[in-house]
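The structure under discussion appears below in the form of structure tokens.
Taken together, the values in this text are just the output of simple stated rules run on the coordinates, not laboratory data. As the structure is a computational prediction, the values presented were derived from the model and not from experiment. Because the Cβ atoms are built from the backbone with ideal geometry, glycine has one as well, and the counts that use them run over all protein chains shown.
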Amino acid sequence: MSNVTLCIEVAVFSPLRQTFSYLAPDPVPKPGTRVSVPFGKGKRLGIVLATGPCPEGITAKPVYQVLDAEPLLPENLQKLLEFGRNYYHHAPGEVWSTALPSLLCQGHAIPPPRQTGHILSAMAPRTGEGLRGRRQRDLLEKFRREGTVHEDSLLPPERQTMRTFIKRSWVEPAEVPPVPCRARTPAYHLGADQQEAVGQIESSRGFAPFLLEGVTGSGKTEVYLQVARKFLEAGLQALFLVPEIALIPQIQERCEHRFGTEHVAVYHSGLTDRERLLAWARAAQGQVRLLIGTRSSIFVPLARPALIVVDEEHDPSYKQQNGWLYSARDLAMRRAQLEKIPVVLGSATPSLETLQNVRTGRFQHLQLRTRANSAVLPKIEILPLRRRRLEGGLHPTLIQTCAETLEAGNQVLFFLNRRGYAPALLCHDCGTAISCPRCSSSLTWHQSVRRLRCHHCGHENPPPRHCPDCGSPGLLPAGAGTEQLEEHLSLRFPGIPLLRVDRDTIHTQRQLRDVLSAIHSQVPAILVGTQMLGKGHHFPAVAMVGIVNVDQGLYSADFRAGERLAQTVLQVAGRAGRDSRPGRVILQTHVPGHPLLGHLLQGTYGDAARHLLEEREAACLPPHTALALLRAEAHQAGKVHAFLEQARGCAPQGTAIQGPLPSLMERRAGFHRAQLWIEAPSRAMLQTQLDIWIPRLQAIPMARQVRWILDVDPHSF
Ligand code: ADP
Ligand code: ZN
Ligand code: ZN
């Protein structure tokens, strides 16, 4: 009889694709628990993925330590990560370390459940004996009456008495029955469309995906809150995803106001590691009813999940841009499927992928056709820029309308998705732009700090005195960014408060909160912002929106650029006239005749989306096909090319591959970048090919000399 030794398969927290086998300790750790293992010359932490007979031909080492008795994640989430690992063909250790709070990856323990309650202990006085004063008698009486007493339910003098009780060990901490969640009722009734949407979601059974489409201000958030209410009051949990941290304060406030602060928690990168771990644990232990978070909160375990909402589902921020390139929106679908619960994707401007899913009947379509508070939808006007003298980058009509809007006591918002003073510093004599030494891109001029900065790699330097090409001293800023717009507008409208919101002026959540409340309190005012202002916020006093420059989006080689442009314009437009004031939206452009602008102008997002979907179909692009990119980068362009050629050579027969093609940005942070496009008629067929191909890549001689990664369903090129 052969003596089979038992091994555990471990995903070490690292970007390595392979897993490692170690001798199984006794008792055998469960999948999903952490172990510390010998690795190279050192020690690493990893996750147990499976147990089985030791692979032949290796001498498995014992583990150092088993850290957990129980899996860190419930089974459904383990399955989600397994799916994510396979679908994105990514290293399992990095999949897990992306999904877990960083302190857990460093070996910290999960904090025990919060115990705000106490019960009487065996040492508590049975009669009034030993009690001093009425306060103590009253508190003892309260314990006898209520069993468990919450610290929160005590008045300050009672808390003092409580401390005495604790000191004398008359009471002991107890897991308290959770405070029931009772939502406040809003002061208004749901509109017919809202009611229909709430009804449909509430009455769904098991996994049910919905697209909730409604213009900004149509009351989508109200629908999420109403649906969540039913679940939360029943003791279940909901997860709300928002695309970026800047949108959290607003929705957090609404949720806390509706459900009570004790039931709501947030999870995002602005928290400290400790706060993140705590929020994670509270959600996992079922003590938080509603978790609001950014991308990575899709991996936070919930004890009793009942609903997932993905707000602004079209937003590209849901796709992770480095490491494990997952889409939180797509994983939300998979998670809801595993948990057998409804998932609601909300947007005023749904992604083409989601619209396609509606067309094919995979998603149920819910529409909110009017604005909740009967506010009027703004009209978009086009302002041709040809042959016009601009003032600080603005058409004179924009400035004129701005002046009128301010005079009428309203706010004006200028949207410009470009930080800094000018996107380039140009030589007046030879036309050379000062470019980043490490990227194929020009440096942005930041005038207030007098620095040239690269927005791609972070490189910065003071401005040169002379043109590096011809030696001329005539270097001038070209084009306009938010900093220049701010300067110009503050000169033009002295005395009017001017609030600029971009990554150079806002660094923390606190600053954002402050500027948002300033926006709400200062009327009239001018707001200048990048997409930080364009997304999701509610600005009742904004009566005019000026869209300063979206022309890059009309020319871009990125096939998603048109979709993004349509979404951005309508999202920004949605900031105007959200209350009773009608809004004006003015878009200045060099290409007023562009067909996409025509669709935006005359019709709705639906018309523009239909046009874009047709274009994609004609070009055999997603969502009509499935796409993956094999991206590679190295310091020498030759190596990148050689690797991609070899990779192409070992692809399974019948795989449709294009390339090697240079990336849209050929050089970045000193790396040359190129890619292969892999296309297939469906996601399933693409996966079949990748399953065969990716393992082969590891064996390619050049694979160790370049950095490479697979990007499934890519968002940037
Ligand atoms: P969205 O999420 O689609 O942008 P919101 O849910 O934020 O829309 O609603 C916009 C505004 O309308 C909010 O101030 C909200 O309180 C209000 N609102 C929502 N539903 C109703 C309703 N049925 N009646 C009146 N006001 C509503
Ligand atoms: Zn020059
Ligand atoms: Zn750079």
Whose amide H sits under 5 Å from the amide H of F240, counting only residues 5 or more places off or on another chain, with H placed in the peptide plane? L291, I292, G293, V309
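Using a Förster radius of 41 Å, what is the FRET efficiency between K142 and T5 based on their Cβ-Cβ separation? Nearest 0.05, please.
On the way: r = 60 Å, r/R0 = 1.46.
Step by step, r from the Cβ atoms, then E = 0.10.
Taking the Cβ of G84 as the center, what net charge do the other residues with Cβ under 11 Å away carry, scoring Lys and Arg +1 and Asp and Glu -1? Don't jump to the answer; show the numbers that get you there.
Values: positive: K79, R85, R334, R335; negative: E82, E94, D330.
Charge balance in the 11 Å sphere: +1.
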If the only charges are +1 at each Lys and Arg Cβ and -1 at each Asp and Glu Cβ, what is the size of the charge dipole of the chain around the Cα centre, to the nearest 20 debye? 1280 debye
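Where does segment 6-105 land on Rg(C-alpha)/(2.2 N^0.38 Å)? Don't skip to the answer; put the middle values down first.
Working: Rg = 12.6 Å, N = 100, 2.2 N^0.38 = 12.7 Å.
It is 0.99.
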Using the per-residue mean of other Cβ atoms lying within 10 Å as a proxy for protection, in what order, highest first, do the peptides 649-658, 68-77 fall? 68-77, 649-658
Hey, could you get me the Stokes-Einstein D for segment 152-294, Kirkwood radius over alpha-carbon pairs, 37 °C and 0.692 mPa s, rounded to whole µm² s⁻¹? 188 µm²/s
Counting only residues 5 or more apart in sequence or on a different chain, those whose built amide H sits under 5 Å from that of H590 are L385
Extension gain Q321-L16, at 0.36 nm per residue separation less the Cα-Cα distance, in nm? 108.0 nm
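So which of K79/K230; K43/K639; K43/K79; K30/K639; K61/K639 end up more than 31 Å apart by C-alpha?
Details: K79/K230 28 Å; K43/K639 33 Å; K43/K79 27 Å; K30/K639 43 Å; K61/K639 37 Å.
Too far apart for the 31 Å limit: K43/K639; K30/K639; K61/K639.
Summing -39500 (n - 2.57) over the DSSP H runs of n ≥ 4 in the chain and dividing by its residue number, what mean residue ellipticity at 222 nm do you reach, to the nearest 500 deg cm²/dmol?
Per the formula, -9500 deg cm²/dmol.
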Order by protection proxy (mean Cβ within 10 Å, highest first), peptides 434-443, 355-364: 434-443, 355-364
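Given the peptides 497-505, 542-550, 5-13, 181-189, arrange them by the average over their residues of other C-beta atoms within 10 Å, most packed first.
542-550, 5-13, 497-505, 181-189
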Mind listing the phi-derived Karplus ³J(HN,Hα) values for segment 181-187, rounded to whole Hz, using 6.51, -1.76 and 1.60 with θ = phi - 60°, and x for any glycine or proline? 9, 10, 7, 6, 8, x, 7
Alpha-carbon radius of gyration plus Dmax, which is the widest Cα pair, for the chain in Å: 28.9, 96
Please enumerate, by chain and number, the aspartates and glutamates with C-alpha under 15 Å from the C-alpha of K535, excluding those fewer than 8 residues away in the same chain. E244, D311, E312, E313, D315, D502
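In percent, how large is the relative contact order of segment 422-479, given Cα pairs closer than 8 Å and 6 or more residues apart? Write out the running numbers ahead of the final one.
Values: 111 pairs, mean separation 23.5, N = 58.
Once normalised by length, the contact order is 40 percent.
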At what distance in nm do the modelled label points of D429 and E460 sit from each other, each positioned 7 Å from its Cα along Cα→Cβ? 2.9 nm
Within a Cβ distance under 10 Å of V35, other residues only, what is the Lys/Arg minus Asp/Glu net charge? +1
Expressed in nm to one decimal, what extension gain is obtained for the pair A618 and E151 from 0.36 nm per residue of sequence separation less their Cα-Cα distance? 161.7 nm
With label points set 7 Å from each Cα along the Cα-to-Cβ direction at L554 and A109, the distance between them in nm comes to 6.3 nm
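Given contacts defined as C-alpha pairs under 8 Å and at least six residues apart, what's the relative contact order of the chain, whole-number percent?
On the way: 1398 pairs, mean separation 77.3, N = 717.
Reported as a whole number, the value is 11 percent.
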For segment 216-375, with +1 on Lys and Arg beta carbons and -1 on Asp and Glu, the positive-most of L345, C255, G270 along the dipole: L345
Computed on Cα atoms, Rg of segment 422-479 relative to 2.2 N^0.38 Å comes out at 1.00
Net charge contributed by nearby residues that have their C-beta within less than 12 Å of V300 (K/R +1, D/E -1): +4
Amide H contacts under 5 Å for H455, restricted to residues at least 5 apart in sequence or on another chain and with H modeled in the peptide plane, are T444
Ratio for segment 195-243, C-alpha Rg to 2.2 N^0.38 Å, reads 1.15
In Å, the Kirkwood hydrodynamic radius of segment 116-175 over pairs of distinct alpha carbons? 11.3 Å
Bridge type composition, the chain - antiparallel percent by DSSP, nearest 5: 55 percent
Hull-based mean projected area of segment 538-636, where the convex hull spans the alpha carbons, in square nanometres: 9.2 nm²
What relative contact order, as a whole-number percentage, does segment 560-665 give when Cα pairs under 8 Å and 6 or more residues apart are counted? 16 percent
Whole-Hz couplings from phi, Karplus 6.51/-1.76/1.60, listed for segment 703-714; x for Gly and Pro: 4, 8, 9, 10, 8, 9, 8, 9, 10, 8, 6, x
Starting from the coordinates of the alpha-carbon atoms of segment 283-426, obtain the Kirkwood hydrodynamic radius over all distinct pairs and give the value in Å to one decimal. 19.7 Å
